[in-house]
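Dropping the structure in here first, questions after.
The values are calculated or read from the model by the stated rules, or taken from the named source; none is laboratory data. Just so it is clear, the model here is predicted, and its values are computed rather than measured. Using ideal geometry, Cβ is built from the backbone for each residue, glycine included, and neighbour counts are taken over all protein chains shown. The accessibility values were calculated without ligands, DNA or RNA, using every heavy atom of the protein model including side chains. Shrake-Rupley method; radii C 1.70, N 1.55, O 1.52, S 1.80 Å.
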Amino acid sequence: MDNRIRMRHLRCFVEVARHGSITRAAQALNTVQPSLSRTLRELEDEIGGALFERTGRGLVLTSAGEILMRHVGVGLSQISKGIRQAQEPRGAQIVTMGVLPNVARTVAPRAIARFKANFPGTDVRVVFFPTSALIDHLQEGGVDFLFGRLFSPERLKGVSFEHLYSEPLVFVAHPDHPLAGRPEVTLGDIDAGLVLVPPPGTIIRSELDKFTVAHGLAEFSNKIESILFEFVRAYLARADATACIPLGAVRPELGDRRLVRLNIATDEMVSSVGLSFASGREINPAAAALASVIREEAAIYAMP
């Protein structure tokens, strides 16, 4: 680029080409028409010819203007993209977060949507593995942090946990289920039918097992085990079954009464939901920015 041709010349040229009018281009650039006209004349003097000609449709590019626009338009777009990316959190351009199923359709999507709106150049990789594998990935640096329910104490070695809100496990069924609407439901009532429960080895299955054993039930007699909440929701819509599931996984269905919560006290199955980090390892600025957005969205979600 000729040293006498500045970025302001090229921006003015591009806006005039886009709008076909010096007046509208001046408005878009938040400047005045005489100043823009002067800048455009300076550019044409350096180019050595006219870049626009006047027609009944406004200003249109000359052949020289079309050549310049083909190159300058792309160049300015790349420069703007570079500036946006330079303004994003420094460090890695990929944030990898492990997400547990109870937050996968509530806080996590909203937080990631907000983050991507502010930092489009940073990719977000959302992963899910069994609990033990997630912790291994966290400790080995395969993920930046985890978001979900609090792990059991024996799995927290080398992991620091930040509480964000509390969430219960609940028993649910479709509105026409025989137990729906009963003023009081017992574990015996639920055990008399088919019940969908989390599989062994998951955090929520451990919580459920402690609850049932404490109330005299070693194991449900007739059950389906699945951590796939989409399957659980679809199954409940078609069968006279109940399910034990995190509240966050069925909030929309409870809200519009596609499912109902059974009247059985589950206060003992309330667990902490939050962020888990590898102890002693500082996360990169991009991951820290996403974690900050998650904290804000979690606070909104937890409001009564």
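What's the local net charge at R251, with K and R +1, D and E -1, over the other residues with C-beta under 13 Å away? Mind dumping the intermediate values first?
Values: positive: R105, R110, R233, R257, R258, R261; negative: E167, E253, D256.
For residues surrounding R251, the net value is +3.
For the chain, report the translational diffusion coefficient in µm²/s to the nearest whole number, using Stokes-Einstein at 37 °C, 0.692 mPa s, and a Kirkwood Rh over Cα pairs.
In µm²/s, the coefficient is 138.
Turning to a different aspect of this structure: Students often forget the sequence filter, so: which aspartates and glutamates lie under 13 Å Cα-Cα from K116 once same-chain residues fewer than 8 apart are removed?
E88
Whenever you get a sec, compute what percent of the accessible area on segment 264-304 sits on carbon and sulfur atoms (1.4 Å probe).
58
Where the accessible area of segment 116-254 is counted over protein heavy atoms with a 1.4 Å probe, how much of it, in %, is carbon and sulfur?
For segment 116-254, the apolar C and S fraction of the accessible surface comes to 53 percent.
Output the relative contact order of the chain, whole-number percent, from Cα pairs under 8 angstrom with separation of 6+ residues.
The value is 23 percent.
Now for a separate question. Given a 1.4 Å probe, how much area per residue of the chain is accessible, in Å²?
Ligands and nucleic acids excluded, the result is 52 Å² per residue.
Next question, about the same structure. 5 Å is the cut-off here: which amide hydrogens, built 1.01 Å from N in the peptide plane, fall below it relative to A243, excluding neighbours closer than 5 in sequence?
Hits under the 5 Å cutoff: V172, L196.
With every protein chain left in place, what is the accessible area of R205 in Å² (1.4 Å probe, nearest 10)?
About 20 Å², ignoring ligands and nucleic acids.
Once you put a point 7 Å from the Cα of Q93 and another 7 Å from the Cα of A234, both along the Cβ direction, what distance in nm separates them?
Output for this residue pair reads 3.7 nm.
Can you tell me the 0 to 90 degree angle between the C-alpha axis of helix 285-301 and the longest principal axis of the chain, rounded to 10?
Long axis of 285-301 versus the principal axis of the chain: about 60 degrees.
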